[in-house]
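Working notes, beginning with the structure itself.
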Amino acid sequence: MADARTSRISRELFLAAFGAGPGHVEPWVIDRLTAVVDEDDARRGDTLYRVGDAPDGIYFLRQGRVEFVPEKGPGRVMDGPSVLGRFDAVLARPRTRRAIALTDLQLLRVPAEAWMDLLEDSFQLARLSVTSLTRTVAQLEERAWTESPPGPTQPVMPAQMNARRLDRLERLVVLVDTPLLRGAGVQTLSDLAGVSEEASFEAGDDLFVAGARRDRVHIIVAGEVEAHRENPRVEWRGGPGEIVCDVASLGETEVAWGARAVTRVRTLAFRFEDWLDLMEEHFEMVRSTLGALALQCEKLTG
């Protein structure tokens, strides 16, 4: 009985690392995870995987320390509890780093294909995985912005689209050109374009205010927007083709940010719940969102 209880707790800890704590996912998810997970402990000096290996497993490091060494550049050390190798699995790419045990390790290993199947079958788990990684990336972005606030990129919208309302095809073009969304597929983004709406703001108008719950994600079509949050003080400024506040706008409970128009601004806005509804219907949107977040996370952590 003790072994069965310990095993179940280990699986719950694995899920908690993806934002899915006890009581947040269906019981069958833990049962199915138990059927596919392996205990895969390692000794100090062992190599878990090498650069170029197939991304055939996702590891949960319960205890120990691992160094990740790329082909070029410095390595990075990670301590347990943490998840190893999930980004390669989500992006379906060969391993980009060698993972070396710096101490004896206590590990759980789940086949990557089995994990992705589990995400596809349990939207509750997929949603928690997306929101957890969104929160992580938003925190990393904010930390980077405290040192170097971002500025607006060069306008990407054709001039004629800035002067009139967008039709559905043009709204689709905006979504396809948005980095965090573009991998979802044209049909899925076409559905999102169908429920998106344009919004206009004069210079000085608030798009949203800090402390007030909001339900919309804004993509800038024309103009410039500045945003900030307190404690810590972080500033953001963006232009056409950018999501206002970037990944922080995709958080379900993020209300710390306020944003206002610097110039006259047009945005294409969609409801956060509409985005999630489409994610539930189209698993490729889950995969593409996790992939975009993974790339951003790697960019920010080196």
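Only protein heavy atoms count here; on that basis, with a 1.4 Å probe, E67 has an accessible area of about 50 Å².
Our estimate of slack between E67 and T263, defined as 0.36 nm per intervening residue step minus the Cα-Cα distance, is 65.9 nm. Peptides 255-262, 127-134, 144-151, 165-172 ordered by packing proxy, namely the average of other Cβ atoms within 10 Å per residue, highest first: 127-134, 255-262, 165-172, 144-151.
Taking 0.36 nm per residue of separation and subtracting the Cα-Cα distance, what length does fully extending L169 through D117 add? List each step's numbers first, then the result.
On the way: separation 52, 0.36 × 52 = 18.72 nm, distance 3.25 nm.
Contour length minus the Cα-Cα distance gives 15.5 nm.
Where nothing but the Cβ of Lys and Arg (+1) and of Asp and Glu (-1) is charged, how large is the charge dipole of region 207-302 around its Cα centre, in debye to the nearest 20?
The calculated dipole for region 207-302 is roughly 460 debye.
If R0 equals 22 Å, the separation of the Cβ atoms of A199 and E147 corresponds to a calculated FRET efficiency of about 0.10. Short-range pairs are left out: with C-alpha atoms under 8 Å and at least six residues apart, the relative contact order of the chain is 18 percent.
Taken about its Cα centre, the chain carries a charge dipole of roughly 700 debye when the Cβ of each Lys and Arg holds +1 and the Cβ of each Asp and Glu holds -1. A simple spin-label model places pseudo-atoms 7 Å from Cα toward Cβ; at D104 and R50 they are separated by 2.7 nm. Taking the Cα centre of region 162-246 as origin and assigning +1 to Lys and Arg Cβ atoms and -1 to Asp and Glu Cβ atoms, the resulting dipole is close to 200 debye. Only alpha carbons enter this Debye calculation for the chain, each as an equal point scatterer, and the log10 of I(q)/I(0) it gives at q = 0.13 Å⁻¹ is -0.97. A simple spin-label model places the labels of V186 and E284 1.0 nm from each other, with each point 7 Å out along Cα-to-Cβ. Within 12 Å, Cβ to Cβ, of L207, how many net charges do the neighbouring residues add up to if Lys/Arg are +1 and Asp/Glu are -1? Value of the local net charge: -1.
Could you tally the net charge around S122, taking each other residue with its Cβ under 11 Å from the Cβ of S122, Lys/Arg +1 and Asp/Glu -1? Charge balance near S122 sits at -3.
The values are calculated or read from the model by the stated rules, or taken from the named source; none is laboratory data. All figures in this text were calculated on a predicted structure; none of them were measured in a lab. Glycine gets a Cβ as well: all are built from the backbone with ideal geometry, and neighbour counts include every protein chain shown. Surface areas here come from the heavy atoms of the whole protein model, side chains and all, with no ligands, DNA or RNA. Shrake-Rupley method; radii C 1.70, N 1.55, O 1.52, S 1.80 Å.
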